[in-house]
Amino acid sequence: MADAGMLRFHVPEPEVRPGGTPDFSNVTIPKAGSVPRPEIDVDPRTIRDMAFSIIRVLNRAGEAVGPWAGLLTDEELLQGLRHMMTLRTFDARMQMAQRQGKTSFYMQHLGEEAVSCAFRKALQPGDMNFPTYRQAGLLIADGYPMVMMMNQIYSNEADPLKGRQLPIMYSSKEHGFFSISGNLATQYIQAVGWAMASAISNDSRIAAAWIGDGSTAESDFHAALVFASTYKAPVVLNVVNNQWAISTFQGIARGGSGTFAARGLGFGIPSLRVDGNDYLAVHAVAKWGIERARRNLGPTLVEYVTYRVGAHSSSDDPSAYRPKAESDAWPLGDPVVRLKNHLIHKGVWSEDRHTQAEAEILATVIAAQKEAESHGTLHAGGKPSTRDMFEGVYAEMPPHLRRQRQQAGV
Ligand SMILES: Cc1ncc(C[n+]2csc(CCOP(=O)(O)OP(=O)(O)O)c2C)c(N)n1
Ligand SMILES: [Mg+2]
C-alpha cells in the first residue's frame, strides 16, 4: 500500500504549457476505414470499443475509404466544402469587425468547421438543434442568410432578435436552430426534453443536443443522459471535444473515463467517436445516429475529436496557456484542406478553382457585411427600438412594465 495515511489531491495537467514543444503522441489515431460500421439496431454492449476508437473516412492520400464512406455525391461534397469555406471567411470578417469596434464580441470556429456543417446535412427539415455558440455552420449549411447573422452580431435595427441576445447567440426556429443560451449544458436537458415531447406527441422530428468537452462536467449533461437513456428519447447527443474549454484542457472534464464518448456507456447509450476534421466521417456518423433516433432506437452519443485552432472568443489570448504552434501539431489536420484534397484527388476540383472560390466567397461575405452595416453597427447607425425591449415576453404586459415603458417615453 503506497503512502498509507497520506492523502494526495490530484489535478490533471496538460502535457505541454507555453514555451514547450506541442505533443499529441498520446492521441491514438486509427487508420482511416479501419473502424466497422455496425447495423443501426446494434446491441450497444457489443460496440463498447467504438467509444475509445476514432471513425475516419479520409486517409492521408485524400481517398475516402472503409465502411463509412460513399454516402455523399460529388455535388454534395463540393457544397460541403463551400459551406466550410464560407464559415471560415465569415469568421475572419466578423473577428476583424470586432477588433474594429463594430461589435462587442465574437467567437470563431477555426478548425471545427466540419462538425456543424456536415451534421446539418444529415438532418431533415423540422428537426431541432440545441446548439452552443460554436455551431454557426448549422445555419450556414442550411442556407440561413449571412446578413441576418451579421445584423444579430451588430445588434442593429435589422437584428432579428432586436438586441436582446449577446452577439452570435442566434435563433431560428425555421432553420431548426434553438435560441443559443450562454448557460452551457442547458442545451442537453432541453434537447432531450424536446425529443421526449416529440415522441409523446407522435411526431417525426428528432432533436440534436450540443455540448463542448469542458461543459460535460456540468450536472445537466449527466441528467440529460439519464432521461435520454431511460425514455429512449429520439435525440443525438453531440460532444464537441476541441481539446480546450477556454484555458482548461480537456483532461479536467474527462477525468478518468478515457474519452468523452465513454461517458455514454454507463447509460447503455451507443457511443461513437469520430474524426471531427473529416467532413465525410462526421456526416456518416451523424446519419447513423439520426436514423437511430428516427427509428425509435433511442439516443446516440457522438464525440467529435477536433481542435480549437482559434482563441476561445474575442476576449481570450490562448498564448497564455498553450504553446503557440500547438494547432500546427494537431494530428487530424485541417477540415477544409482535407476535403479540398479529397475533391482534387477525385478530379472534381483543383487548386485554381479553390483559389477562385475563395475570392468569390470573400466577395459574397463582404457584400453581406456592407448590407448589414447599412442597418448599423454597435456604435453607429440604426439600433433596435427601445420599445422592442418591452415586447415579446408576456402575452399581456404587466403593469410594472407598462409603467417603465411610459417612463422611458416609448
Ligand atoms: C454553466 C456555465 N458555466 C460556465 C460558463 C463560462 N464559460 C463560457 S465558455 C466556457 C468554456 C466551455 O468549454 P467547452 O464546453 O469545451 O466549449 P468550447 O468553448 O471549447 O466550444 C465556460 C467555462 C458558462 N457560460 N456556463
Ligand atoms: Mg472545448
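Tabulated data
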{"read-out": "Residue with peak Gaussian network fluctuation, the chain [Cα springs, cutoff 10 Å], from GLU76, GLU113, GLU326", "value": "GLU76"}
{"read-out": "Cβ charges +1 (Lys, Arg) and -1 (Asp, Glu), total dipole of region 84-156, debye", "value": "220"}
{"read-out": "For region 141-257, size of Cβ-based charge dipole, Lys and Arg +1, Asp and Glu -1, in debye", "value": "160"}
{"read-out": "Prolate/oblate/rounded call for region 260-397, Cα gyration tensor, a/c under 1.5 rounded", "value": "oblate"}
{"read-out": "13 Å beta-carbon shell around ASN129, net charge (K/R +1, D/E -1)", "value": "+2"}
{"read-out": "Of all DSSP beta bridges in the chain, antiparallel share, percent nearest 5", "value": "20"}
{"read-out": "Relative packing of 140-146, 393-399, which averages over residues the other C-beta atoms within 10 Å, highest first", "value": "140-146, 393-399"}
{"read-out": "Around HIS354: net Lys/Arg minus Asp/Glu count, Cβ-Cβ under 12 Å", "value": "-1"}
{"read-out": "Cα gyration tensor shape for the chain, rounded if a/c is under 1.5, else prolate or oblate", "value": "rounded"}
{"read-out": "Residue order, fewest to most surrounding Cβ atoms within 10 angstrom, among SER219, SER327", "value": "SER219, SER327"}
{"read-out": "Choice from ALA208, ALA97, ALA359 with maximal GNM fluctuation in the chain (Cα, 10 Å cutoff)", "value": "ALA359"}
{"read-out": "Over the chain, relative contact order from alpha-carbon pairs under 8 Å, at least 6 apart, %", "value": "24"}
{"read-out": "Charge sum, other residues only, whose C-beta stays under 10 Å from SER385's C-beta, Lys/Arg counted +1 and Asp/Glu -1", "value": "0"}
{"read-out": "Highest average packing first - 297-305, 50-58, 98-106, Cβ atoms within 10 Å", "value": "297-305, 50-58, 98-106"}
{"read-out": "Charge dipole (the chain, unit charges on Cβ, about Cα centre) - positive-most of MET50, HIS175, GLY19", "value": "HIS175"}
{"read-out": "Whole-Å distance, taken between Cα centres, linking region 347-410 and region 285-333", "value": "28"}
{"read-out": "Where labels lie 7 Å past Cα in the beta-carbon direction, separation of GLN356 and SER247 in nm", "value": "4.8"}
{"read-out": "Region 290-410: relative contact order in percent, alpha carbon pairs under 8 Å with at least 6 residues between", "value": "9"}
{"read-out": "Most mobile listed residue (TRP68, TRP330, TRP194) in the chain, GNM with C-alpha springs under 10 Å", "value": "TRP330"}
{"read-out": "Sequence of HIS400, HIS312, HIS283, HIS379 once ranked by neighbouring C-beta atoms within 10 Å, starting from the fewest", "value": "HIS400, HIS379, HIS312, HIS283"}
{"read-out": "Unit charges on C-beta of K, R, D, E only; dipole of region 297-376, Debye", "value": "240"}
{"read-out": "Alpha-carbon centroids, region 242-259 and region 165-228: separation in whole Å", "value": "21"}
{"read-out": "Near-label residues of region 32-62 by backbone N, under 19 Å of a point 7 Å along Cα→Cβ of ARG295", "value": "36-48, 50"}
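Each value in this text was obtained by applying a stated rule to the coordinates, not by laboratory testing. Source: prediction; values computed, not measured. No Cβ is skipped: glycine too gets one built from the backbone with ideal geometry, and neighbour counts run over all protein chains shown.
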